[in-house]
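Q: Starting off with a structure, shown below.
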Amino acid sequence: MTDLAFGGWSGIAIMLVYGLLMLGIGVFTYLKHKGIHVSNKEYYLGGGTLGTLVLFFTFFATQYSGNTIIGYAPKAYRMGYGWLQSITFMILVIVGYLLIAPRLYSLSRKYSFITPSDWLHERFKSKSITILGSFLMLYGLGNYLLEQLVAVGQGVAGLTGGTVPYQAAVIFFIVIMIIYGWLGGMRSVAYTDTMQGIALLIGVFVLLIGSIVYFGGLPSASEYMTVYSPEKLGVPRGQELVGWYSMLVLVTIGAAIYPHAIQRIFAAKSEKSLKKSLTRMAWMPFITTGAVFIIGIVGINAFPGLETGESEQLVGMMANVIASKNVFFYWAMILLFGGIIAAIISTADSVLLTFSSIISNDLYGRFINPDAPESKQIFVGKIAGIIAVGILLIIAWYPPATLYEIFVLKFELLIQVGPALILGLYWKRLHNKSVFIGMLAGTILASIMTFADITPLGIFSGLWGLLLNLIITVGGSLIVQIDVSEEENAEQVIGL
């Protein structure tokens, strides 16, 4: 790594170009729609007018974020072929979407939902469920945003060989993201996602080709592992297998109820556009996650013996070597550089937008100041988002864990919203108090087990919390007779 393809002013110039390009798209979108009345629906959902193409790319760029490109390849490097589960759980995420998306979309049109908490409020008419659900979503979103801040720093530091320091990269792209998100809301976010998604797809495939050409591909990596790391060739067994399946369940439910993903369901122009975009998303686990998995496996032979912290910069290290080979790969890796940063920022801006919407619409607008005009609600959400980013920036300055660990942590508590959100769509006999107690008990148990690092049988703590949550929610709903008013409300809401 003595000759850095993106070192010096070259790396800085690349970072500036992509940052300004994203900013330009955001400003253009703002100017184009400047005369439109700024309401919660317009700012947070783009007026509910996202068509199939834009909806697909905003789903794609959000789903395949910094943890996918920067985090999954190092995980494959450390784990070996057992990380094939990453492809599996990305497929199952689409299954999770299909369980809730069509029905939730129809309800969002009927009741003009802005956030997932709007659904909880409409379904249960319970202040406690709405507030607890909102805070769990805010925790998951804050955790996810932290993940993206760490990823952008690791990505740029790796690709520039440290020329652009980790902390400088984080600050630069945070400022860019806040500016265009502040100006254009969901429209700016969705249109920049389209550019970012295209760059990401092309860049990842060229990196895959370069990795195979210059590092020998899977055969060479497998030969190396056979001699030096045979444990990376095996399949998970015993407790590892239980952990493998628990991860599939955790991600299937957790990713499907991402608050920012649900907002994209609400933002769809029509149910037809929504279904078309999700159908196309079904192919992306093979195309994107599969490619990243192979890159990580090839990296075992390309850069043997990396420690955990060093392996987090694997993608940047591989891109640098490939870029130094010839002019074509140099420019292709520039595109990859943009694609990686774009993937990270496209997720971060979506998360920040949804974080702000929950603060402004669900907490401030519904409970703190119900009489506030929508313009004031939006302003409060923007300020709250900036404060949250400032706090997370302090944490991200010296990241407390690997990207994979941060990735798992956000699901442990977010998944506790699942029973209320998913079962509430189909089961009208859900008992409100049982739903709240189940959600609270699951949250407490998952929190204690997560921070005490307790994982009985290798099963993630969030799933133990979810099990307790479901026992209380379902058991209580079967045993306790619900009020007539609750049943009538449920019948009215979900009786499409």
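The values are calculated or read from the model by the stated rules, or taken from the named source; none is laboratory data. Bear in mind the structure is a predicted one, so any value in this text is a computation, not a measurement. A quick note on method: Cβ atoms are made from the backbone with ideal geometry, for glycine too, and the neighbour counts reach across all protein chains shown.
Q: For segment 70-109, which residues satisfy the criterion of being polar (S, T, N, Q) and under 16 Å from residue 249 (Cα atoms)?
A: Hits for segment 70-109 are 85, 86, 88.
Q: If you don't mind, another one. Sort out which residues of segment 338-369 are among the hydrophobic types (A, V, I, L, M, F, W, C) and under 20 Å from residue 26 (Cβ atoms), and write them in order of number.
A: 340, 341, 342, 343, 344, 345, 348, 351, 352, 353, 355
Q: Something else: Mind checking whether some residue in segment 108-119 is part of a helix (DSSP H, G or I), within 15 Å of the chain's Cα centre (by Cα) and crowded, with 24+ Cβ neighbours inside 10 Å?
A: No, the conditions are met nowhere in segment 108-119.
Q: May I pose another question? Determine whether segment 70-85 contains at least one residue that is touching an Asp or Glu at 6+ places or on another chain (Cβ under 9 Å), crowded, with 23+ Cβ neighbours inside 10 Å and either of a type in the set (Gly, Ala, Ser) or at pLDDT 85 or above (or both).
A: Looking through segment 70-85, at least one residue is touching an Asp or Glu at 6+ places or on another chain (Cβ under 9 Å), crowded, with 23+ Cβ neighbours inside 10 Å and either of a type in the set (Gly, Ala, Ser) or at pLDDT 85 or above (or both).
Q: Can you say whether residue 164 is closer than 19 Å to residue 312 by Cβ, outside any helix (DSSP H, G or I) and in contact (Cβ under 8 Å) with a residue 60 or more places away in the chain, as far as the supplied structure shows?
A: Considered against the rule, which asks whether it is closer than 19 Å to residue 312 by Cβ, outside any helix (DSSP H, G or I) and in contact (Cβ under 8 Å) with a residue 60 or more places away in the chain, residue 164 comes out as yes.
Q: Still on this model: If a residue has to be surrounded by fewer than 20 Cβ atoms within 10 Å (Cβ to Cβ), under 26 Å from the mean Cα position of the chain (by Cα) and not acidic (Asp, Glu) to count, how many in segment 292-316 make the cut?
A: Adding up the residues that qualify gives 3.
Q: Determine whether residue 92 is modelled with pLDDT of 85 or more, touching a helix residue (DSSP H, G or I) at 6+ places or on another chain (Cβ under 8 Å), of a type in the set (A, V, I, L, M) and buried (at least 24 other Cβ atoms within 10 Å of the Cβ).
A: No.
Q: Further question on the same structure: Give the residue, chosen from 137, 177, that is over 14 Å from residue 19 (Cα atoms) and at pLDDT 75 or above.
A: Among 137, 177, only 137 is over 14 Å from residue 19 (Cα atoms) and at pLDDT 75 or above.
Q: Please tell me if residue 435 is crowded, with 17+ Cβ neighbours inside 10 Å, at pLDDT below 95, among the aliphatic types (A, V, I, L, M) and closer than 21 Å to residue 258 by Cβ.
A: In short, no.
Q: I'm told residue 188 meets every condition in (1) touching a Leu at 6+ places or on another chain (Cβ under 7 Å); (2) modelled with pLDDT of 80 or more except one. Can you identify the failing condition by its number?
A: (1)
Q: Where in segment 234-283 are there helices (runs of 4 or more DSSP H), lying wholly inside it, with at least 3 residues that are over 13 Å from residue 94 (Cβ atoms) and of a type outside the set (D, E, K, R)?
A: In segment 234-283, 239-256, 259-267 are the helices (runs of 4 or more DSSP H) which contain 3 or more residues that are over 13 Å from residue 94 (Cβ atoms) and of a type outside the set (D, E, K, R).
Q: Related question: Step by step: first the residues of segment 266-277, then only those that are surrounded by fewer than 21 Cβ atoms within 10 Å (Cβ to Cβ) and either of a type in the set (A, V, I, L, M, F, W, C) or over 23 Å from the mean Cα position of the chain (by Cα) (or both), then the one that is nearest to residue 233 (Cα to Cα). Which residue is that?
A: 272
Q: Quick check on this structure: which one of 265, 257, 253, 322 is over 30 Å from residue 46 (Cα atoms) and at pLDDT 85 or above?
A: 322
Q: Quick one: residue 323 ticks every box in (1) touching a residue at least 40 places away in the same chain (Cβ under 8 Å); (2) surrounded by fewer than 24 Cβ atoms within 10 Å (Cβ to Cβ) bar one, so which box is it?
A: (2)
Q: Also: List pairs: first residue in segment 267-283 and farther than 13 Å from residue 54 by Cα, second residue small (Gly, Ala, Ser) and surrounded by fewer than 19 Cβ atoms within 10 Å (Cβ to Cβ) anywhere in the structure, Cβ distance under 6 angstrom, at least six positions apart or on different chains.
A: none
Q: For residues in segment 326-358 being free of Cβ contacts under 8 Å to residues at least 24 places away in the same chain and either assigned to a helix (DSSP H, G or I) or within 24 Å of the chain's Cα centre (by Cα) (or both), which is nearest to residue 152 (Cα to Cα)?
A: Filtering segment 326-358 for residues that are free of Cβ contacts under 8 Å to residues at least 24 places away in the same chain and either assigned to a helix (DSSP H, G or I) or within 24 Å of the chain's Cα centre (by Cα) (or both), the one nearest to residue 152 (Cα to Cα) comes out as 331.
Q: Considering every residue within segment 43-58, establish whether at least one is of a type in the set (Val, Ile, Thr), touching a strand residue (DSSP E or B) at 6+ places or on another chain (Cβ under 8 Å), modelled with pLDDT under 85 and at negative phi.
A: Checked segment 43-58: at least one residue is of a type in the set (Val, Ile, Thr), touching a strand residue (DSSP E or B) at 6+ places or on another chain (Cβ under 8 Å), modelled with pLDDT under 85 and at negative phi.
Q: Right, here's the next one. Among the residues that make up segment 199-222, is at least one of them touching a strand residue (DSSP E or B) at 6+ places or on another chain (Cβ under 8 Å), surrounded by 24 or more Cβ atoms within 10 Å (Cβ to Cβ), part of a helix (DSSP H, G or I) and not small (Gly, Ala, Ser)?
A: Within segment 199-222 (the criterion being touching a strand residue (DSSP E or B) at 6+ places or on another chain (Cβ under 8 Å), surrounded by 24 or more Cβ atoms within 10 Å (Cβ to Cβ), part of a helix (DSSP H, G or I) and not small (Gly, Ala, Ser)), the answer is no, since none of the residues qualifies.
Q: Also, I was wondering about something else. Could you list, ordered by first residue, the pairs with Cβ atoms under 9 Å in which the first is in segment 364-377 and among the aromatic types (Phe, Trp, Tyr) and the second is in a helix (DSSP H, G or I) and loosely packed, with under 15 Cβ neighbours inside 10 Å, at least 6 apart or interchain?
A: Pairs found: 364/376; 367/127.
Q: Look through segment 443-485, keep the residues that are part of a helix (DSSP H, G or I) and aromatic (Phe, Trp, Tyr), and return whichever of them is surrounded by the fewest Cβ atoms within 10 Å (Cβ to Cβ).
A: So, considering only residues that are part of a helix (DSSP H, G or I) and aromatic (Phe, Trp, Tyr), the one surrounded by the fewest Cβ atoms within 10 Å (Cβ to Cβ) is 451.
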